[in-house]
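The values are calculated or read from the model by the stated rules, or taken from the named source; none is laboratory data. As the structure is a prediction and not an experimental result, all values here were calculated from the model. Glycine gets a Cβ as well: all are built from the backbone with ideal geometry, and neighbour counts include every protein chain shown.
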Amino acid sequence: MSLSKKLTIAFLVLTIIGFIDAVFLTVEHYIGVIPPCGIVEGCSTVLTSKWSILFGVPISLIGAINYLLLFVITLASLTSHKQKLAVFAACASAIGFAVSLWLVGLQLFSIKQICLYCMTSAGISTALFVVGVYIVRLSVLERKINNVV
């Protein structure tokens, strides 16, 4: 199996994990339950803050849609053998990474509390971005090699 395919599969797995985390928070939001936070105690404060909703939609639902779209595009790349789709998903992951940085900043500096589930999503977005950088770089390198040959 090529490195490109392994990276794309890793990207796909990360989208699944991110989707599960975001859907869990979305369901908890709509049933009115704040999930237990475990080692930190800021989940309640973060998940009920004014920053947890955007235009009446929970941030977690927006995250779930993001992860789902990245999953669908990445799966299409794997099934159709079109690396351009994986590169597109990799580039699109930069948006989720940027949003995650902003949301982590809000937790640290405005809300002054940490949500374990939100930080998990931020970690997944960061991992998607890093894997995405490698997917893009490998694609560029492969294109250069193919142009030489």
_Selection within region 102-114 - among the hydrophobic types (A, V, I, L, M, F, W, C) and either in contact with a helix residue (DSSP H, G or I) (Cβ under 6 Å, 6 or more places away or on another chain) or without any contact (Cβ under 8 Å) to a residue 12 or more places away in the chain (or both)_ = TRP102, VAL104, LEU106, LEU108, PHE109, ILE111, ILE114
_Residues located in region 1-25, provided they are assigned to a helix (DSSP H, G or I), of a type in the set (S, T, N, Q) and surrounded by fewer than 19 Cβ atoms within 10 Å (Cβ to Cβ)_ = SER4
*Looking at region 73-95, is at least one residue at pLDDT 95 or above, within 27 Å of LEU25 (Cα to Cα) and over 17 Å from the mean Cα position of the chain (by Cα)?*
yes
*Being more than 15 Å from PHE19 (Cβ to Cβ), in contact with a Ser or Thr (Cβ under 8 Å, 6 or more places away or on another chain) and not hydrophobic (A, V, I, L, M, F, W, C), is that true of even one residue in region 61-79?*
yes
*Taking region 46-91, which residues are among the polar types (S, T, N, Q) and either farther than 25 Å from LEU108 by Cβ or in contact with a helix residue (DSSP H, G or I) (Cβ under 6 Å, 6 or more places away or on another chain) (or both)?*
SER49, SER52, SER60, ASN66, THR74, SER77, THR79, SER80, GLN83
*Is one or more of the residues making up region 82-105 in a loop (DSSP other than H, G, I, E, B) and under 19 Å from VAL131 (Cβ atoms)?*
yes
*Test result for VAL33, of a type in the set (Val, Ile, Thr) and more than 16 Å from ILE73 (Cα to Cα)*: yes
*So, of the residues in region 41-60 that are of a type outside the set (Gly, Ala, Ser) and in a helix (DSSP H, G or I), which turns out to be nearest to PHE19 (Cα to Cα)?*
ILE59
_When you check ILE34 against the structure, is it assigned to a helix (DSSP H, G or I) and either touching a helix residue (DSSP H, G or I) at 6+ places or on another chain (Cβ under 7 Å) or surrounded by fewer than 18 Cβ atoms within 10 Å (Cβ to Cβ) (or both), yes or no?_
no
_Near pairs, Cβ below 9 angstrom, 6+ apart or cross-chain, from region 52-81 (more than 21 Å from THR126 (Cβ to Cβ)) to any residue that is among the acidic types (Asp, Glu) and part of a helix (DSSP H, G or I)_ = none
